[in-house]
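Where a number appears in this text, it was derived from the coordinates with a stated rule and is not lab data. Note that the structure is a prediction, hence the values are computed from the model and not measured. Neighbour counts are summed over all protein chains in view; Cβ atoms, including those assigned to glycine, are modelled from backbone coordinates with ideal geometry.
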Amino acid sequence: MPAPDYVFKITCPRCDGFDFECDLCSGRGEAPFFRCPGSQRTPELDLAFRCYMHTEAGLYPVAGGLLDQSASFIEFEGIVNSERNAIDERRRKHDEALAEMQARAKLPRGAQP
Ligand SMILES: [Zn+2]
């Protein structure tokens, strides 16, 4: 059963966040999900994520280099990397905003940083 509000958001898979007239995200650049990510699991996705984790150690699912891998796995790897980068960027912005708020809280009232 879908949740009444979104559970998480990803970068829009149709426009990758770069189309202000995108009919999927309406230009917001994000696509909301209304179900637990675990409900979307399949044995194939589990295997793809396991293979993805090995690529961080330089190991691909098929012997050889990047061009020896399936097109679908290369696409999957790119999508996961893109989402990880987006999450890292959001986390960095959050940490910066938090540090700025903490720095302002330490200043005397009315003082400018
Ligand atoms: Zn979009």
**Request:** Extending each Cα 7 Å along its Cβ direction at D46 and S82, get the distance between those two points in nm, one decimal.
**Result:** 2.7 nm
**Request:** Could you tell me which GluC sites (Glu not before Pro) in the stretch 35-113 are loop residues by DSSP with no more than 14 other beta carbons within 10 angstrom of their beta carbon?
**Result:** E56
**Asked** For the chain, what is the calculated [θ] at 222 nm in deg cm²/dmol (nearest 500), taking -39500 (n - 2.57) for each run of four or more DSSP H residues and dividing by its residue count?
**Response** -15500 deg cm²/dmol
